[in-house]
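What follows is calculated from the coordinates using simple rules that are stated; it is not laboratory data. Since we're looking at a predicted model, the values are computed, not measured. Ideal geometry is used to build each Cβ from the backbone, glycine not excepted, and the neighbour counts take in all protein chains shown.
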Amino acid sequence: MKKIVLLGSTGSIGRQTLEVVRDHADELEVSALCAGSSVNALEEQIREFKPSLAVLYDEKAAAELKERVKDLSVKVLAGMDGLIEAAVLPEADVVLTAVVGMIGIRPTIAAIEAGHDIALANKETLVCAGHIIMPLAKEKGVKILPVDSEHSAIFQSLNGEPKNRIAKIWLTCSGGPFRGYTSEQLKNVTVEDALKHPNWNMGNKITIDSASMVNKGLEIMEASWLFGVNHKDINVLVHPQSIIHSMVEYVDGAVMAELGMPDMKLPIQYALFYPDRKASPAKKADFYEIAKLTFEKADTETFRGLKLALRAAECGGSMPTVFNAANERAVALCLDKKINFYEIPDIIEKCMDRHKLIEDPDVEQILDAEREAYE
């Protein structure tokens, strides 16, 4: 049995991970479940998957959960200390980190130091701390297995190929609900419009990021760290059908791609069983039915969040943290209907303009930059 620690079990990726566990109950076992403050959801998961450890980041919620599951032999912890204790569980084979935000950085570092492989669904970990995470993983001999569909596709397209022969990476995206819109049209869209993704079923925050194309900017920075490719050699390609999940172009002109239906359970399962492949109940691609695949260039003038991400990548240091934190807070304001969707890049740009760059930030400086951007 492969033992899993799941950070962020009640979110979209966490719930789909547990669906994969159900599909492979004879091979996968959950050792720890961790979430933010969802007492009801986590209690339900604990009763089904019977982990030895459960963590809620919110201390009050953790106290309530502890009372609710006192009939079970599960240890309940709270806060960052609890997340770190889960991440370093000795019996764990892989830690899947699907928490939202920079909360994921410290537990990921702890898990790597404990020698655990990481299935990574938390973009902020590499966007903000890639310069810390990747050298540490190499030092400890730990695998960083991407869970995002695009990075999983790149990872699979690199299998058996020399990485020093990459010419460029084609990072695909659907274009979101506002593909083809002008800047003027974006001024009239609502939060409800932004939450209608054409192909993927995701949480609210990442769905807004997809609509603004900020998500692609974060993915460029993440891919740069994961695969050792300069961000200038990573191109965003709008692909409305979401069948090609990303491609790698080599120096000889050959292009390797990973294709499949838009279903997050596929890259999750691949990361959990790597290097093996297992049968899946997921819908398979029917190319007679799909019939046509189309491509467009990304519009960085209309979708300014992507352009700002490229600026943050070029600056490096602490700037990606400021970009990410400003976006995180702006998206929260948008979801609360305190700002309009089109104002998100304005807020990001103002925070970036005011930031004094730190070239090689440590974890404390990263978290300070986040707090500064929030303020």
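Annotations
- The local environment of ASP286, defined by Cβ-Cβ distances under 14 Å, has a net charge of +1 under the rule Lys, Arg +1 and Asp, Glu -1.
- Sequence of HIS239, HIS131, HIS151 once ranked by neighbouring C-beta atoms within 10 Å, starting from the fewest: HIS131, HIS239, HIS151
- Taking other C-beta atoms within 10 angstrom as a stand-in for reagent exposure, ILE133, ILE348, ILE358 fall in the order ILE358, ILE133, ILE348, fewest first.
- Relative to the current alpha-carbon distance between MET261 and THR182, full extension at 0.36 nm per residue lengthens the span by 25.6 nm.
- Cβ-derived FRET efficiency at R0 41 Å, TRP200 paired with LYS163, nearest 0.05: 0.90
- Charge dipole (debye, nearest 20) of the chain; +1 at Cβ of Lys and Arg, -1 at Cβ of Asp and Glu: 460
- Ordering ILE166, HIS197, GLY260 by the projection of their Cα atoms onto the charge dipole of the stretch 166-270, which places +1 on the Cβ of Lys and Arg and -1 on the Cβ of Asp and Glu, puts HIS197 at the extreme positive end.
- Rounded FRET efficiency, nearest 0.05, which uses the C-beta distance separating CYS315 from ASP336 and R0 of 25 Å: 0.30
- Rounded to 5, the percent of DSSP beta bridges in the chain classed as antiparallel: 25
- The ranking of HIS245, HIS355 by Cβ neighbour count inside 10 Å, starting from the fewest, reads HIS355, HIS245.
- Applying Stokes-Einstein at 10 °C and 1.306 mPa s to the Kirkwood radius of the stretch 260-375, computed over alpha-carbon pairs, gives a translational diffusion coefficient of 92 µm² s⁻¹.
- Each Lys or Arg adds one and each Asp or Glu subtracts one; over the other residues with Cβ under 11 Å from the Cβ of ASP276, this totals +2.
- Its Cα centre serving as origin, the stretch 206-346 has a Cβ charge dipole (Lys and Arg +1, Asp and Glu -1) of approximately 280 debye.
- The loop-placed trypsin sites (Lys or Arg not before Pro) in the stretch 229-279, going by DSSP, that have at most 14 neighbouring Cβ atoms within 10 Å of their Cβ come out as ARG277, LYS278.
- Cα→Cβ-extended label distance, 7 Å offset, between LEU357 and ARG277, nm: 4.3
- Here the sum of -39500 (n - 2.57) over DSSP H runs of 4 or more residues, divided by the residues of the chain, equals -13500 deg cm²/dmol at 222 nm, to the nearest 500.
- The calculated FRET efficiency for the pair ALA114 and ARG68, based on their C-beta separation and a Förster distance of 25 Å, comes to about 0.30.
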